[in-house]
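**Student:** The structure is given below, and queries will be raised subsequently.
The values are calculated or read from the model by the stated rules, or taken from the named source; none is laboratory data. Computed from a prediction, not measured in an experiment: that's the story for all the values here. Cβ placement follows ideal geometry from the backbone for every residue including glycine, while neighbour counts extend to all protein chains displayed. Ligands, DNA and RNA are excluded from the accessible area calculation, which covers all protein heavy atoms including side chains. Shrake-Rupley method; radii C 1.70, N 1.55, O 1.52, S 1.80 Å.
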Amino acid sequence: MRDLGREILVQSLRQVLPENGGPDSVLTVTGLRSNLSDDLVLDIPRLTLSGTGISMVLGTNGAGKSMLIRMLHGLTKPDAGRVIFTGGSQAMVFQNPVLLRRSVFANLKFALKDQRLSRGDRAEKLAYLLELAGLKGKERQSARSLSGGEEQCLALACALARRPRLLFLDEPTSSLDPTATHRIETILRQVALMGIKIVMVSHDLGQVERLADEVIFLNRGRICERLPVESFFSGPDSAEARAYLSGQLVL
Amino acid sequence: MNGFADSLQLALGLILSGDADLWAIVGLSLRVSLTAVVIAALVGMPLGAVLAVTRFAGRKGVIVLINALMGLPPVVVGLAVYLMLSASGPLGVLQLLYTPTAMIIAQVVLVAPIITALSRQVVEDMHAEYADYLGSFGMRGVRTIPTLLWEGRFGLTTALLAGVGRAIAEVGAVMIVGGNINHVTRVMTTTIALETSKGDLGMALALGVILIGLAISVNALIAGMTQASARQSYA
Amino acid sequence: MRRLWAAVIALLLSAHGAVAAEFIVLQSTTSTQNSGLLDAILPQFTKDSGIEVRVVAVGTGQALRNARNGDGDVLLVHARAAEDAFVREGFGVARFDVMYNDFVLVGPADDPAGIAGSEDALDAFVRLATARQRFVSRGDDSGTHQAELGLWEMAGQAPQADSGTWYIETGSGMGATLNVAVSLSAYAMTDRATWAAFGNKGSHKILFEGDERLFNQYGVIAIDPERHPQVKTAAVDQFLAWILGRDGQRAIADFRLDGQQVFFPNAAQR
């Protein structure tokens, strides 16, 4: 995988940034409730996502993290409550990279299909996205013959191709090697700076320290705390979060 | 009775002699069966895909029914199509009985359930894999079908081949609705049945060898096309 | 997608294609087809008249049933009683004698039932029933089957009671039935022409022949256009005139299997 130079990165990202970023709220949740299992209810009375930056969703296995972002993204309907999205477009990257059984190029083209682009604009955009994913020269390869890291980089490029205002990621680097993880983190940090709101589930506290602007800590289906990352690591309010940080909280 | 080796030799001789009647029969077999498979695919693939991505009351029942129809006996299908197309039947005015079109209709009935059932399976697997991804694009239900069919193209090729195999090898249906009329509706399988009934078992077996060769050729051809298109789809 | 449909429709039409200028459908029997008679004589008619004859070869019973449904224009079959009933019930215009051949009894060369020495056909059938040696019947309501059943009855035998033991009903055409008889070293009744053309005789041979009760008359019937208006009356009339006339009758007489005449024309001179 080629190194991602800063110059290229910024150039590439200009191609994928949403047309209207800003501090206004992009997603509001009210009264969201959903049964996750017999004794576990996801219960989010109110949640607002706004501006830019990276919000990381933390919590033990089974706390309802993945289900929460699925509902925010509209993949799963909650039993009750409303999710109102006003930001234009959104996208999601899954834990295991989902790619079509087509070439690298065709995967990017598919992600661009909803945008009305002139032939020239499209070619330019494809070239940048390829550069961003670090797959220049591999555009004709079958997407599913790539390495795991390359696959996830391509999946991220496909998600960014849709110029999302809001980007969800569900443990995107949990099975990747350090090089690929680094590349994805670099891209995420940059897009967050440049106007995309990111909501990401992670188990990797090192990654949280490196990336997060704020932490949303979920325990047994409820948001236990939501606070800036520094405060989270220096001393969270709740006993559960303290136990989680010291590795003692289990479901 | 001729041994298998003699029949093999006879088969080779028939092929090499370029016998016009033989080629006409081979050609008709291919034309009828391939047309039937194309039509069955145009019906079966979308139908199977709809069954794969939608949920409605009675869906399970429909799936069980279609799976069961995969085993329809050709003779029964032949009889049913005969009763429809007979001059005394509801579609008698079309005068299709004893024509290749009648044979195509019967084979479509035979093949469509196979292609539908296998397509459902393939598309269901693709749906499990891509429902979230496509949902992220706002694509749900029947709107995902074109993409899922394309992603399942290799599995669907196998479904088509299964259909070709069933169509080209069956004799019960085409015998009844085609009538095995020389130069009009005589195909490989009905010719084999005829030669067997003449007691010319060597010739029957030789034609059987050619039929098997034909089936292998069609399979190889489609497999080759699939591979070529796989290469091309990455271009 | 539109182009795909166009291609499919084109394919369908081409599969339907190759429509001859004019043709009639002849519902006939396996004996006339398996012996090669029809393949030998019909091209002469087509050459003279320009009318193609499409042969559907099934048992006489099924041929008559198909014709009742109006599937076909003309019949060439051999079961007198059923043919007369067909005409009487208004499905056929009239029935004409065309030709005859005869039935023969074939069996294993060592003839365990000893039918070779029979006085007449009835005696042969009595010997078969008494010996309880395997006998393979068409069992398909064909002309040959109907004739065989008549002979059992005349001989005072009821072999169907033993169906599945020594009396075996194949429910198949003549050739398929002979294949079974040869495989099982069993006896069978067949028309002489099919036997002469049959390619899988094994060690079987003709063991009894020549009784006039084994006479096998073929008749031709035009399907009644009043019942089934799509019948191509003019072409059928031409066909009847030919096969009952001088040229058709001579073609039948000229047909040879292994140098032997197997069908004998006997249309009433008109």
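**Student:** Filtering the range A:71-88 down to residues that are small (Gly, Ala, Ser) and open to solvent by 20 Å² or more (accessible area, probe 1.4 Å), which residue is modelled with the lowest pLDDT? Can you show your working first?
**Tutor:** Just the residues of the range A:71-88 that are small (Gly, Ala, Ser), to begin with: A:74, A:80-81, A:87-88.
If we keep only those that are open to solvent by 20 Å² or more (accessible area, probe 1.4 Å) too, we end up with A:74, A:80-81, A:88.
Numbers: A:74: 92, A:80: 93, A:81: 92, A:88: 80.
This residue is A:88.
**Student:** Quick check on residue C:74: is it surrounded by 21 or more Cβ atoms within 10 Å (Cβ to Cβ), within 14 Å of chain B (Cβ to nearest Cβ), modelled with pLDDT of 95 or more and farther than 22 Å from residue C:197 by Cβ? Step through it out loud before you land on a result.
**Tutor:** Details: surrounded by 21 or more Cβ atoms within 10 Å (Cβ to Cβ): yes; within 14 Å of chain B (Cβ to nearest Cβ): yes; modelled with pLDDT of 95 or more: yes; farther than 22 Å from residue C:197 by Cβ: yes.
Yes; evaluated as a whole, the condition is true for this residue.
Residue-by-condition table, conditions (1) open to solvent by 30 Å² or more (accessible area, probe 1.4 Å); (2) within 10 Å of chain B (Cβ to nearest Cβ); (3) closer than 15 Å to residue A:153 by Cβ:
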{"position": "A:68", "(1), (2), (3)": "no, no, no"}
{"position": "A:102", "(1), (2), (3)": "yes, yes, no"}
{"position": "A:125", "(1), (2), (3)": "no, no, no"}
{"position": "A:133", "(1), (2), (3)": "no, no, yes"}
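**Student:** Picking from A:41, A:98, which residue would you name as being more than 13 Å from the chain's Cα centre (by Cα) and within 14 Å of chain B (Cβ to nearest Cβ)?
**Tutor:** Values: A:41 fails: within 14 Å of chain B (Cβ to nearest Cβ).
Residue meeting the stated conditions: A:98.
**Student:** Consider the range C:196-220. How many of its residues are surrounded by fewer than 24 Cβ atoms within 10 Å (Cβ to Cβ) and either closer than 19 Å to residue C:55 by Cα or more than 9 Å from chain B (Cβ to nearest Cβ) (or both)?
**Tutor:** Number of matching residues: 16.
**Student:** Taking residue A:84, is it more than 10 Å from chain B (Cβ to nearest Cβ) and in contact with an Asp or Glu (Cβ under 7 Å, 6 or more places away or on another chain)? Let's see the steps before the verdict.
**Tutor:** Values: more than 10 Å from chain B (Cβ to nearest Cβ): yes; in contact with an Asp or Glu (Cβ under 7 Å, 6 or more places away or on another chain): no.
Answer is no for this residue.
**Student:** Looking at the range B:54-81, I want the residues that are more than 25 Å from residue B:178 (Cα to Cα) and have a partner that is open to solvent by 60 Å² or more (accessible area, probe 1.4 Å) and assigned to a helix (DSSP H, G or I) with Cβ atoms under 7 Å, at least 6 apart or on another chain. Which pairs are those?
**Tutor:** Cβ pairs passing all conditions: B:54/B:142.
**Student:** Considering each of C:158, C:181, C:197 in turn, give the residue that is touching a Phe, Trp or Tyr at 6+ places or on another chain (Cβ under 8 Å), closer than 24 Å to residue C:257 by Cα and not acidic (Asp, Glu). Walk me through how you get there before you give the answer.
**Tutor:** Working: C:158 fails: closer than 24 Å to residue C:257 by Cα; C:197 fails: touching a Phe, Trp or Tyr at 6+ places or on another chain (Cβ under 8 Å).
Just a single option satisfies the conditions, and that option is C:181.
**Student:** Given the conditions (1) under 25 Å from residue B:48 (Cα atoms); (2) open to solvent by 20 Å² or more (accessible area, probe 1.4 Å), report the number of the one that residue B:84 does not fulfil.
**Tutor:** Answer for residue B:84: the failing condition is (1).
**Student:** Select from the range C:43-54 the residues that are hydrophobic (A, V, I, L, M, F, W, C) and surrounded by fewer than 24 Cβ atoms within 10 Å (Cβ to Cβ) and list them in ascending order.
**Tutor:** Filtering the range C:43-54 for residues hydrophobic (A, V, I, L, M, F, W, C) gives C:45, C:51, C:53.
Those that are hydrophobic (A, V, I, L, M, F, W, C) and surrounded by fewer than 24 Cβ atoms within 10 Å (Cβ to Cβ): C:45, C:51.
**Student:** Sticking with this one: Name every residue in the range B:171-209 that is more than 17 Å from the chain's Cα centre (by Cα), away from chain C (no Cβ under 11 Å) and buried (at least 23 other Cβ atoms within 10 Å of the Cβ), in order of residue number.
**Tutor:** Residues satisfying the conditions are B:191, B:206, B:207.
**Student:** Look through the range A:89-121, keep the residues that are of a type in the set (S, T, N, Q) and more than 24 Å from residue A:198 (Cα to Cα), and return whichever of them is modelled with the highest pLDDT.
**Tutor:** Initially, the range A:89-121 is screened for residues of a type in the set (S, T, N, Q), giving A:89-90, A:95-96, A:103, A:107, A:115, A:118.
Right, trim to more than 24 Å from residue A:198 (Cα to Cα) and you get A:103, A:118.
Details: A:103: 93, A:118: 89.
It comes out as A:103.
**Student:** I've got another one for you. So residue B:16 fits all but one of (1) out of contact with any Leu (no Cβ under 9 Å at 6 or more places or on another chain); (2) within 14 Å of chain C (Cβ to nearest Cβ); what number is the exception?
**Tutor:** Only one criterion is unmet by residue B:16, namely (2).
**Student:** Still on this structure: Evaluate the following for residue C:243: is it outside the structural domain of residue C:113 (by TED's automatic domain parsing), surrounded by 14 or more Cβ atoms within 10 Å (Cβ to Cβ) and in a strand (DSSP E or B)?
**Tutor:** On the way: outside the structural domain of residue C:113 (by TED's automatic domain parsing): yes; surrounded by 14 or more Cβ atoms within 10 Å (Cβ to Cβ): yes; in a strand (DSSP E or B): no.
No.
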